[in-house]
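Heads up: the structure comes next, in C-alpha coordinates.
The values are calculated or read from the model by the stated rules, or taken from the named source; none is laboratory data. Everything numeric here is computed off the predicted structure, so don't read it as measured data. Glycine also receives a Cβ, built like all others from the backbone with ideal geometry; neighbour counts cover every protein chain displayed. For the accessible areas, the whole protein counts, side chains as well, though only heavy atoms, and no ligand, DNA or RNA atoms are used. Shrake-Rupley method; radii C 1.70, N 1.55, O 1.52, S 1.80 Å.
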Amino acid sequence: MQQETARAFRAAYAEQRASEGRGAGGEAELLALPYLETGPQAKNWQVRARTFDHFVTQVLQPLAITRARPLRIADLGAGNGWLCYRLARLGHDPVAIDPRTDAVDGLGAAASYKDHLFRMFRRISASFDALPLHDRSYDLVVFNAALHYAIDLGSVLTEAARVTDAGGSIAILDSPFYSRDRDGAAMVTEKRRAAARTFADRGSVLLAPPFIEYLTRERLQQASGPLGLHWRRCRVRYPLWYELRPLLAAGGSRRSPSRFDIWEARLP
(Lines give C-alpha, C1' and ligand atoms only; values in the text may rest on other atoms or scores of the structure.)
Protein backbone atom coordinates (compact mmCIF):
# COMPACT_ATOMS: atom_id res chain seq x y z
CA MET A 1 0.00 0.00 0.00
CA GLN A 2 1.38 3.41 -0.92
CA GLN A 3 2.28 5.65 2.01
CA GLU A 4 -0.24 8.35 1.14
CA THR A 5 -3.07 5.83 0.83
CA ALA A 6 -2.02 4.17 4.10
CA ARG A 7 -1.91 7.49 5.97
CA ALA A 8 -5.33 8.52 4.70
CA PHE A 9 -6.77 5.11 5.59
CA ARG A 10 -5.42 5.21 9.16
CA ALA A 11 -6.87 8.69 9.76
CA ALA A 12 -10.27 7.79 8.31
CA TYR A 13 -10.30 4.49 10.19
CA ALA A 14 -9.73 6.27 13.51
CA GLU A 15 -12.56 8.68 12.71
CA GLN A 16 -14.86 5.80 11.81
CA ARG A 17 -14.04 3.91 14.98
CA ALA A 18 -14.69 7.01 17.08
CA SER A 19 -18.06 7.48 15.36
CA GLU A 20 -18.95 3.91 16.37
CA GLY A 21 -18.33 4.75 20.02
CA ARG A 22 -15.10 2.82 20.36
CA GLY A 23 -12.92 4.13 23.15
CA ALA A 24 -15.72 6.30 24.49
CA GLY A 25 -15.63 4.49 27.83
CA GLY A 26 -12.08 5.62 28.56
CA GLU A 27 -9.84 3.71 30.94
CA ALA A 28 -12.69 1.73 32.47
CA GLU A 29 -13.55 0.34 29.03
CA LEU A 30 -9.93 -0.57 28.30
CA LEU A 31 -9.58 -2.46 31.56
CA ALA A 32 -12.83 -4.35 30.96
CA LEU A 33 -11.98 -5.62 27.45
CA PRO A 34 -12.81 -8.13 26.16
CA TYR A 35 -15.55 -8.50 28.80
CA LEU A 36 -17.36 -5.29 27.89
CA GLU A 37 -20.97 -5.31 29.09
CA THR A 38 -22.13 -1.78 28.29
CA GLY A 39 -21.87 0.68 25.42
CA PRO A 40 -22.55 0.51 21.66
CA GLN A 41 -19.95 -2.25 21.05
CA ALA A 42 -20.92 -4.55 23.91
CA LYS A 43 -22.65 -7.10 21.65
CA ASN A 44 -19.59 -7.43 19.40
CA TRP A 45 -17.37 -7.94 22.43
CA GLN A 46 -19.57 -10.82 23.60
CA VAL A 47 -18.21 -12.69 20.59
CA ARG A 48 -14.62 -11.60 21.03
CA ALA A 49 -14.66 -12.52 24.73
CA ARG A 50 -15.63 -16.09 23.78
CA THR A 51 -12.75 -16.15 21.28
CA PHE A 52 -10.30 -14.95 23.92
CA ASP A 53 -11.39 -17.51 26.51
CA HIS A 54 -11.06 -20.33 23.98
CA PHE A 55 -7.70 -18.99 22.82
CA VAL A 56 -6.37 -19.10 26.38
CA THR A 57 -7.45 -22.68 27.01
CA GLN A 58 -6.82 -24.20 23.58
CA VAL A 59 -3.75 -22.32 22.31
CA LEU A 60 -2.01 -20.27 24.99
CA GLN A 61 -1.99 -22.66 27.95
CA PRO A 62 -0.93 -25.79 26.00
CA LEU A 63 1.96 -23.90 24.41
CA ALA A 64 3.02 -22.43 27.76
CA ILE A 65 3.04 -25.93 29.27
CA THR A 66 5.19 -27.17 26.41
CA ARG A 67 7.63 -24.28 26.74
CA ALA A 68 7.57 -24.44 30.56
CA ARG A 69 8.10 -20.69 30.80
CA PRO A 70 6.35 -17.39 30.02
CA LEU A 71 5.74 -16.98 26.30
CA ARG A 72 7.13 -14.31 23.99
CA ILE A 73 4.08 -13.19 22.02
CA ALA A 74 3.67 -10.84 19.05
CA ASP A 75 0.16 -9.36 18.91
CA LEU A 76 -0.41 -8.31 15.28
CA GLY A 77 -3.30 -5.89 14.97
CA ALA A 78 -3.02 -5.03 18.64
CA GLY A 79 -5.10 -1.85 18.39
CA ASN A 80 -5.50 -0.43 21.89
CA GLY A 81 -3.46 -3.27 23.37
CA TRP A 82 -6.22 -5.06 25.28
CA LEU A 83 -4.90 -8.51 24.36
CA CYS A 84 -1.35 -7.61 25.39
CA TYR A 85 -2.70 -6.32 28.68
CA ARG A 86 -4.47 -9.61 29.34
CA LEU A 87 -1.44 -11.64 28.30
CA ALA A 88 0.89 -9.58 30.49
CA ARG A 89 -1.45 -10.09 33.44
CA LEU A 90 -1.15 -13.83 32.82
CA GLY A 91 2.62 -13.53 33.15
CA HIS A 92 3.65 -13.57 29.48
CA ASP A 93 5.84 -11.14 27.50
CA PRO A 94 3.77 -9.60 24.68
CA VAL A 95 4.58 -6.89 22.16
CA ALA A 96 1.79 -4.87 20.53
CA ILE A 97 2.18 -4.24 16.79
CA ASP A 98 -0.21 -2.17 14.72
CA PRO A 99 0.12 0.42 11.94
CA ARG A 100 -2.23 2.73 13.85
CA THR A 101 -1.00 4.97 16.67
CA ASP A 102 -4.15 7.02 17.32
CA ALA A 103 -5.65 7.37 20.78
CA VAL A 104 -9.14 6.23 19.74
CA ASP A 105 -8.34 2.52 19.80
CA GLY A 106 -4.87 2.47 18.23
CA LEU A 107 -1.57 2.02 20.04
CA GLY A 108 -1.84 5.47 21.57
CA ALA A 109 -4.83 4.34 23.63
CA ALA A 110 -2.73 1.61 25.27
CA ALA A 111 -0.91 4.18 27.42
CA SER A 112 -3.65 3.82 30.03
CA TYR A 113 -2.49 0.29 30.81
CA LYS A 114 0.87 1.47 32.12
CA ASP A 115 -0.41 2.13 35.64
CA HIS A 116 -1.96 -1.32 35.86
CA LEU A 117 1.01 -3.48 34.94
CA PHE A 118 4.27 -4.29 36.68
CA ARG A 119 6.02 -3.78 33.36
CA MET A 120 4.41 -2.09 30.37
CA PHE A 121 4.45 -4.06 27.14
CA ARG A 122 6.25 -2.68 24.10
CA ARG A 123 4.30 -0.98 21.33
CA ILE A 124 5.57 -0.89 17.75
CA SER A 125 3.95 0.83 14.79
CA ALA A 126 4.61 -1.40 11.78
CA SER A 127 3.06 -3.14 8.81
CA PHE A 128 2.41 -6.89 9.06
CA ASP A 129 4.37 -7.58 5.87
CA ALA A 130 7.54 -5.93 7.22
CA LEU A 131 7.82 -6.80 10.91
CA PRO A 132 10.76 -5.16 12.72
CA LEU A 133 11.40 -8.36 14.69
CA HIS A 134 14.25 -10.87 14.68
CA ASP A 135 13.93 -14.27 13.06
CA ARG A 136 12.57 -17.06 15.29
CA SER A 137 12.17 -14.65 18.22
CA TYR A 138 8.56 -15.36 19.31
CA ASP A 139 6.80 -18.41 20.67
CA LEU A 140 3.40 -17.25 19.51
CA VAL A 141 2.29 -14.82 16.80
CA VAL A 142 -1.35 -13.78 16.98
CA PHE A 143 -3.35 -12.08 14.25
CA ASN A 144 -5.80 -10.23 16.45
CA ALA A 145 -8.86 -9.42 14.28
CA ALA A 146 -6.30 -8.38 11.70
CA LEU A 147 -5.43 -10.93 9.02
CA HIS A 148 -8.31 -9.88 6.75
CA TYR A 149 -6.54 -6.52 6.45
CA ALA A 150 -3.65 -8.17 4.63
CA ILE A 151 -3.09 -7.10 1.04
CA ASP A 152 -0.76 -9.95 0.12
CA LEU A 153 -1.74 -12.90 2.31
CA GLY A 154 1.31 -14.96 1.37
CA SER A 155 3.73 -12.17 2.30
CA VAL A 156 2.06 -11.52 5.63
CA LEU A 157 2.06 -15.19 6.60
CA THR A 158 5.68 -15.51 5.48
CA GLU A 159 6.63 -12.69 7.86
CA ALA A 160 4.68 -14.28 10.70
CA ALA A 161 6.42 -17.61 10.10
CA ARG A 162 9.81 -15.90 9.94
CA VAL A 163 9.54 -14.46 13.45
CA THR A 164 7.97 -17.58 15.02
CA ASP A 165 10.35 -19.96 16.76
CA ALA A 166 10.47 -23.66 15.88
CA GLY A 167 7.65 -25.45 17.68
CA GLY A 168 5.83 -22.18 18.21
CA SER A 169 2.40 -21.25 16.89
CA ILE A 170 0.66 -18.78 14.63
CA ALA A 171 -2.94 -18.12 15.62
CA ILE A 172 -5.71 -16.30 13.77
CA LEU A 173 -8.38 -14.70 15.95
CA ASP A 174 -11.59 -12.93 14.94
CA SER A 175 -11.13 -12.74 11.19
CA PRO A 176 -14.14 -13.63 9.01
CA PHE A 177 -13.94 -17.10 7.48
CA TYR A 178 -16.39 -18.37 4.89
CA SER A 179 -16.97 -21.97 3.87
CA ARG A 180 -17.50 -20.82 0.29
CA ASP A 181 -15.57 -18.14 -1.55
CA ARG A 182 -18.73 -16.86 -3.24
CA ASP A 183 -20.22 -15.92 0.13
CA GLY A 184 -17.13 -13.90 1.03
CA ALA A 185 -17.21 -12.17 -2.34
CA ALA A 186 -20.89 -11.38 -1.81
CA MET A 187 -20.06 -9.83 1.56
CA VAL A 188 -17.50 -7.54 -0.08
CA THR A 189 -20.04 -6.48 -2.70
CA GLU A 190 -22.60 -5.72 0.00
CA LYS A 191 -20.04 -3.74 1.97
CA ARG A 192 -19.21 -1.56 -1.02
CA ARG A 193 -22.87 -0.98 -1.87
CA ALA A 194 -23.56 0.11 1.70
CA ALA A 195 -20.42 2.27 1.99
CA ALA A 196 -22.21 5.62 1.90
CA ARG A 197 -24.59 4.58 4.68
CA THR A 198 -21.94 2.80 6.77
CA PHE A 199 -18.93 5.08 6.36
CA ALA A 200 -20.47 8.42 5.29
CA ASP A 201 -17.93 10.52 3.41
CA ARG A 202 -15.06 8.29 4.58
CA GLY A 203 -16.13 5.41 2.35
CA SER A 204 -13.86 6.04 -0.63
CA VAL A 205 -10.80 6.27 1.62
CA LEU A 206 -11.66 3.22 3.74
CA LEU A 207 -12.35 1.09 0.68
CA ALA A 208 -9.30 2.23 -1.30
CA PRO A 209 -6.74 -0.32 0.01
CA PRO A 210 -7.11 -3.72 -1.68
CA PHE A 211 -7.43 -5.77 1.51
CA ILE A 212 -8.30 -9.45 1.15
CA GLU A 213 -11.35 -8.74 3.40
CA TYR A 214 -12.09 -12.40 4.28
CA LEU A 215 -10.60 -15.87 4.44
CA THR A 216 -11.54 -19.40 3.42
CA ARG A 217 -9.79 -22.64 4.29
CA GLU A 218 -8.60 -22.84 0.68
CA ARG A 219 -7.25 -19.29 0.64
CA LEU A 220 -5.36 -19.91 3.84
CA GLN A 221 -3.91 -23.22 2.71
CA GLN A 222 -2.88 -21.88 -0.68
CA ALA A 223 -1.09 -18.88 0.82
CA SER A 224 0.69 -20.87 3.54
CA GLY A 225 1.43 -24.04 1.58
CA PRO A 226 4.99 -23.01 0.65
CA LEU A 227 5.68 -22.43 4.36
CA GLY A 228 4.78 -25.97 5.36
CA LEU A 229 2.03 -24.80 7.71
CA HIS A 230 -0.86 -27.08 8.57
CA TRP A 231 -3.84 -25.34 10.12
CA ARG A 232 -6.32 -26.68 12.62
CA ARG A 233 -9.64 -25.01 13.26
CA CYS A 234 -10.59 -24.52 16.91
CA ARG A 235 -14.34 -24.09 16.85
CA VAL A 236 -15.65 -21.62 19.43
CA ARG A 237 -19.09 -21.83 20.97
CA TYR A 238 -20.42 -18.32 20.52
CA PRO A 239 -23.61 -16.72 21.95
CA LEU A 240 -26.88 -18.20 20.71
CA TRP A 241 -27.76 -15.18 18.57
CA TYR A 242 -24.46 -15.63 16.73
CA GLU A 243 -24.87 -19.36 16.24
CA LEU A 244 -28.39 -18.91 14.84
CA ARG A 245 -27.27 -16.61 12.02
CA PRO A 246 -26.85 -19.38 9.39
CA LEU A 247 -30.42 -20.57 9.99
CA LEU A 248 -31.78 -17.06 9.72
CA ALA A 249 -29.79 -16.44 6.54
CA ALA A 250 -31.03 -19.67 4.97
CA GLY A 251 -34.62 -18.84 5.87
CA GLY A 252 -34.27 -15.47 4.22
CA SER A 253 -32.45 -16.83 1.16
CA ARG A 254 -29.41 -14.74 1.96
CA ARG A 255 -25.70 -15.61 1.71
CA SER A 256 -24.18 -17.67 4.47
CA PRO A 257 -22.55 -15.55 7.19
CA SER A 258 -18.90 -15.79 8.18
CA ARG A 259 -17.59 -17.45 11.32
CA PHE A 260 -14.70 -16.32 13.47
CA ASP A 261 -13.41 -19.33 15.43
CA ILE A 262 -9.63 -19.77 15.88
CA TRP A 263 -7.14 -21.18 13.41
CA GLU A 264 -3.72 -22.35 14.63
CA ALA A 265 -0.61 -23.66 12.90
CA ARG A 266 2.50 -25.01 14.64
CA LEU A 267 5.90 -24.20 13.14
CA PRO A 268 8.02 -27.24 12.31
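Could you look at the range 93-147 and say what percent of its accessible area is carbon and sulfur, using a 1.4 Å probe and all protein chains? So the carbon and sulfur contribution to the accessible surface is 49 percent. Quick one: with all protein chains in place, what share of the accessible area of the range 179-268 is carbon or sulfur, to the nearest percent (1.4 Å probe)? Looking at the range 179-268 in its full context, I get 54 percent from C and S. Inter-label distance, ASP201 to GLU37: 4.1 nm, where each label sits 7 Å from its Cα along the C-beta direction. The peptide list 140-147, 226-233, put in order of mean Cβ contacts within 10 Å with the highest first, becomes 140-147, 226-233.
Mind checking the per residue accessible area of the range 119-268 for me, 1.4 Å probe, whole number of Å²?
Heavy-atom SASA per residue in the range 119-268 reads 49 Å².
Of the peptides 203-213, 244-254, 75-85, the ranking by mean beta-carbon count within 10 Å, highest at the top, reads 75-85, 203-213, 244-254.
Rounded to the nearest Hz, the phi-derived 3J(HN,Hα) couplings of the range 116-126 under the Karplus curve 6.51 cos²θ - 1.76 cosθ + 1.60 (θ = phi - 60°) are 10, 10, 5, 9, 5, 6, 6, 10, 10, 8, 7, where x marks glycine and proline. The stretch between ALA250 and ARG122, if pulled fully straight at 0.36 nm per residue, gains 41.6 nm over its current Cα-Cα span. The convex hull built on the alpha-carbon positions of the range 82-177 has an orientation-averaged projected area of 6.4 nm².
GNM on the chain, alpha-carbon springs under 10 angstrom: the most fluctuating residue among LEU31, LEU173, LEU240 is LEU240. Find out how many positive minus negative residues lie around LEU267, taking Lys and Arg as positive, Asp and Glu as negative, among other residues whose Cβ is under 15 Å from that of LEU267. That works out to +1.
Spread over its residues, the convex hull of the C-alpha atoms of the chain is 124 Å³ per residue.
Leaving out ligands and nucleic acids, note down the accessible area per residue over the range 1-80 with a 1.4 angstrom probe, in whole Å².
49 Å²
Here HIS230 and ASP53 are evaluated by their C-beta separation; at R0 = 30 Å the FRET efficiency comes out at 0.75. Here the Karplus relation 6.51 cos²θ - 1.76 cosθ + 1.60, evaluated at θ = phi - 60°, turns the backbone of the range 27-41 into coupling constants of 4, 4, 5, 4, 6, 7, 4, x, 9, 7, 10, 10, x, x, 9 Hz, with x for every Gly and Pro.
Distance between the pseudo-spin-label points of HIS134 and THR66 (7 Å out from Cα toward the beta carbon): 2.2 nm.
Each of the peptides 152-160, 32-40 was scored by the mean count of other Cβ atoms within 10 Å over its residues; in descending order, highest first, they stand as 152-160, 32-40.
Taking only the alpha carbons of the range 126-268, we obtain Rg and Dmax values of 16.5, 50 Å in that order.
Annotation: amide H of GLY168 within the under-5 Å range of LEU267, sequence separation 5 or more or interchain, hydrogens built in the peptide plane.
Entry note, the chain: the mean residue ellipticity at 222 nm calculated from DSSP H runs of n ≥ 4, each adding -39500 (n - 2.57), is -11000 deg cm²/dmol after division by the residues and rounding to the nearest 500. Straightening the chain between ALA11 and ARG217 buys 71.0 nm, computed as 0.36 nm per residue apart minus the Cα-Cα spacing.
Multiply the residue gap between ILE151 and TRP241 by 0.36 nm, knock off their C-alpha separation, and tell me the result in nm, one decimal place.
Working it through step by step, the gained length comes to 29.3 nm.
Neighbours of ARG202, meaning other residues whose beta-carbon lies under 11 angstrom from its beta-carbon, give a summed charge of -1 when Lys and Arg score +1 and Asp and Glu score -1. Compactness check for the range 1-50: Cα Rg over 2.2 N^0.38 Å is 1.39.
Shown are ILE65, ILE170, ILE124, whose ranking by accessible area with a 1.4 Å probe and every protein chain present, most to least, is ILE65, ILE124, ILE170. Each Lys or Arg adds one and each Asp or Glu subtracts one; over the other residues with Cβ under 15 Å from the Cβ of ALA161, this totals -4.
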